[in-house]
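> My questions all concern the structure below.
Values in this text are rule-based calculations from the coordinates and carry no lab data. Just so it is clear, the structure is predicted and the values come from calculations on it, not from any experiment. As a convention, Cβ positions derive from the backbone with ideal geometry for all residues, glycine included, and neighbour counts pool all protein chains shown.
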Amino acid sequence: MRIVIIDDSGARAVVLEEGLRDAGYNDIHVVPPRGAFVARLERMAPDVVLMDLGNPSRDTLEEMLIVSRALAKPIAMFVDQSDESMIGAAIDAGVSAYVVDGLRKERVKPILDLAIRRFNAFARMQAERDDALTQLADRKTIDRAKAILMRTRGLSEPDAYTLMRTTAMNQGKKIVEVAAALITASDLMGGVS
Amino acid sequence: MTPIRIAFLGLTDAAVLIAAREKGFAEAQGIALELLRDTSWATLRDRLVYGQVQAGHMLAPLAVAVTLGLSQQSCALSAPYKLNVNGNLLVMAPDFAAALEPNTAVRLTDPLATAHDFANAIGLHHRKPVIGVVHRFSSHALILRYFLGSAGIDPDRDVVLRVLPPSLMVEAMRAGEIDGFTAGEPWGSGAIEAGLAEAVAAGERLWQRGVEKVLAFRTDWMERNPETVDRLLQALAKAAVWCDDPANRGDLAQLLARPDYLDQPADLIERALAGRIVARQGEPPLDLPNFLLFAREATSFPWQSQALWIYSQLVRWHMVEPSAERQARAAAVFRPDIYRRALAGSDAPMPGASMKVEGAVAGPLAIGVPRGAITLGPDGFFDGRAFDPDRIEAYLADLGWARGQA
């Protein structure tokens, strides 16, 4: 069975392709949705096409599925009407699948299940990376604010941190918000931070 | 508060939905409105059809097509409210447009002459021109086909229509993959500002009050939640009046420009809102006061004759086999009955009829309605034809349509 993944984020396609190969599928191609990708896709004559719901090129793909004369068999979006939870899971995960006419449901379902799991895993990975980046940025802000307090009020590093933490608790704010406000105030007062 | 999720695409004509959320009109009706931005019509359609959102900012022809089973999963949709009329530009690369009338004001004012120039330009072009359209079932594609057809150009033979999402049009122009495109604003103005294209036609001059985006529901959901639907429509009607008020234009442009909405420069967005269109890079703007309408002249009223015009064009271009049953289903996508029920107690203009002959109003026309009078704007097609919803076959015959001929 030939599976084409249309994706321009290299990482997500890799995650999905690995999963499919581990599950024993070996005729897998990744096509970025750029330029003449529709012509490439026609030549490949895929049985299954997987695409991220957030990909703006879905309309281009669907148009090709309507007008293509090169595809021997019509391809349509795969939706298992008997399985409503699966439709929801696919949309939540951001997966759309198109399959050739006549491909049995039992053969498509494991592929879609796997794609949903892999898309979700990828989204988690991205969220964790974003969290890590935010944490890094927060730490830099807090360090800058701490340095201002140490310099202007002659505090030790632990005392400067404790002061910000106490202020944050008293005001019901996050410590990074207090730190950012302090930096802004210091900048406005002409302080060199 | 009743939570409602609505999917939209980042286009200027999503303004009424965005204003309803951001300016408190939804909240005042007890609706917690959540807007979900999509980047393709396919995904917006899927979210609506599979119930992930309760309503969508949808291309009117797509709502008809989904109902008729022409776009993937068949599903009965209903449009009780139009979010705007007009608002699109057809732009072409300067090398193609060089064969057209050089004065852009004249070019936009006389679309019939421009269409004939366009036919000549096709012959002079080094290849079959590739024109980007946002979707097969878009008002843009249907009116472009109509425009080309008026000069004897066969849109399925003489040009290549390539489907691209609006957000990728400008890049495709830059890469030379397309020679022009038609899309909602601010994408046409974006290409003009970048010097990649110039305006060839404005939707407002092709069909003076052209059907564009609708608020589409799944019919079953709409029927089950009448009270919520009514409150939502009341909120949108107020938001639409706010959007149409010139005093709010700058504010609205800033709002739409935000990264979570259009993520485009406010000054580009304001061109469509103000009807001041720069047709070629560096030229002073042209005044097109009806470029994009949200509220006035009963803009939001879903005339069933407009759903039938869409149906007539789907038949004309062999996208659907004509039948009395399909025609009735297409007309029923537009729901003036729901509009009337929801807005009965409000100031919203309330036509008594549900159909009109499209293209028959030549100038501002006051019509009597149950409460006072409302004014309809001119709704002509540039070729002077009128569409009588009771005589679709004669209309198609007049356009040279023949059954089964591809």
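> In percent, what relative contact order does chain B have, based on Cα pairs under 8 Å that are 6 or more apart in sequence? Present the calculation step by step, with values, prior to reporting the outcome.
On the way: 834 pairs, mean separation 86.3, N = 406.
Computed over chain B, the figure is 21 percent.
> Using the crude model of +1 on Lys and Arg Cβ and -1 on Asp and Glu Cβ, and no other charge, please compute the dipole size for region A:3-103 relative to its Cα centre, in debye to 20.
Here region A:3-103 has a charge dipole of around 460 debye.
> Around B:Val320, under 13 Å between beta carbons, what's the net of Lys plus Arg minus Asp minus Glu among the other residues?
+3
> Given a cut-off of under 8 Å on Cα pairs at least six residues apart, what relative contact order in percent is computed for chain A?
Reported as a whole number, the value is 17 percent.
> Report the residue, chosen from A:Asp101, A:Asp131, A:Asp83, that carries the largest GNM mean-square fluctuation when chain A is represented by alpha-carbon nodes joined by springs under 10 Å.
A:Asp83
> Name the shape class, rounded, prolate or oblate, that the alpha-carbon gyration tensor gives for region A:3-103, where a ≥ b ≥ c are the square roots of its eigenvalues, rounded holds for a/c under 1.5, and otherwise prolate holds if a/b is larger than b/c and oblate otherwise.
Rounded is the answer for region A:3-103, as its axis ratio a/c remains below 1.5.
> Under a straight-distance cross-link criterion of Cα-Cα below 12 Å, which aspartates and glutamates are reachable from B:Lys23, leaving out those fewer than 8 residues away in the same chain?
Here the aspartates and glutamates satisfying the reach criterion relative to B:Lys23 are B:Asp251.
> While we're on this one: Would you list, by chain and number, the lysines whose Cα falls below 18 Å from the Cα of A:Lys174, excluding same-chain residues fewer than 8 positions away?
A:Lys140, A:Lys146
> Would you mind ranking A:Val31, B:Val64 so that the residue whose beta carbon has the fewest other beta carbons within 10 Å leads the list?
Result, fewest neighbours first: A:Val31, B:Val64.
> Tell me, B:Cys243, B:Cys75 in order of fewest to most beta-carbon neighbours within 10 Å?
Starting with the residue having the fewest Cβ neighbours, the order is B:Cys75, B:Cys243.
> Still on this structure: Give the separation of the Cα centroids, region B:143-219 to region B:10-77, in Å.
With region B:143-219 and region B:10-77 each reduced to a Cα centre, they are spaced 21 Å.
> Pull out the extension gain between B:Thr109 and B:Ala324, defined as 0.36 nm times the separation in residues minus the alpha carbon to alpha carbon distance; nm, one decimal.
73.7 nm
> Picking from B:Ala119, B:Ala360, B:Leu33, whose Cα lies most toward the positive end of the charge dipole for chain B (charges on Cβ: Lys, Arg +1; Asp, Glu -1)?
It is B:Leu33, whose Cα lies furthest towards the positive end.
> Grab the other residues whose beta carbon is less than 15 angstrom from that of A:Asn55, score K and R as +1, D and E as -1, and report the net.
Overall, the nearby charge balance is -3.
> Just want to confirm a number: the relative contact order over region B:25-145, from Cα pairs under 8 angstrom separated by 6+ residues, in percent. Spell out each step's value before the answer.
Working: 77 pairs, mean separation 23.3, N = 121.
Averaging sequence separation for qualifying contacts and normalising by length gives 19 percent for region B:25-145.
> Once both axes come from the Cα atoms, what is the angle between helix A:84-93 and the longest principal axis of chain A, in degrees from 0 to 90, rounded to 10?
Between helix and principal axis, roughly 50 degrees.
> Report, for chain A, the % of DSSP beta bridges that are antiparallel, rounded to 5.
Of the beta bridges lying entirely in chain A, close to 45 percent run antiparallel.
> Give me the lysines in straight-line cross-link reach of B:Lys213: C-alpha distance below 18 Å, same-chain residues under 8 apart excluded.
Candidates past the 8-residue exclusion: B:Lys82, B:Lys238.
> For chain A, what class follows from the C-alpha gyration tensor (a ≥ b ≥ c being the square roots of its eigenvalues): rounded when a/c is under 1.5, otherwise prolate if a/b is larger than b/c, else oblate?
The shape class here is prolate.
> Taking the Cα centre of chain B as origin, work out the dipole magnitude from +1 charges on Lys and Arg Cβ and -1 charges on Asp and Glu Cβ, in debye rounded to 20. Don't skip to the end; give the middle numbers.
Working: 39 positive and 46 negative charges, 162 e Å.
Here the size comes out at about 780 debye.
> Pick out, from B:Ala386, B:Ala202, B:Ala307, the residue whose Cα sits farthest towards the positive end of the charge dipole of chain B, with +1 on the Cβ of Lys and Arg and -1 on the Cβ of Asp and Glu.
Most positive-ward Cα: B:Ala307.
> Just want the ordering: B:His135, B:His57, from fewest to most Cβ atoms lying within 10 Å of their own Cβ.
B:His135, B:His57
> If the only charges are +1 at each Lys and Arg Cβ and -1 at each Asp and Glu Cβ, what is the size of the charge dipole of the protein assembly as shown around the Cα centre, to the nearest 20 debye? Please list the in-between numbers first.
On the way: 65 positive and 74 negative charges, 144 e Å.
The dipole magnitude comes to about 700 debye.
> I'd like the antiparallel share, as a percent to the nearest 5, of DSSP beta bridges with both residues in the protein assembly as shown.
Numbers: 37 of 64 bridges.
Of those bridges, close to 60 percent are antiparallel.
> Okay, moving on. Name the shape class, rounded, prolate or oblate, that the alpha-carbon gyration tensor gives for region A:129-188, where a ≥ b ≥ c are the square roots of its eigenvalues, rounded holds for a/c under 1.5, and otherwise prolate holds if a/b is larger than b/c and oblate otherwise.
Because a/c hits 1.5 or more and a/b exceeds b/c, region A:129-188 counts as prolate.
> I'd like the distance between the alpha-carbon centres of region A:1-65 and region B:262-337, rounded to an integer number of Å.
34 Å
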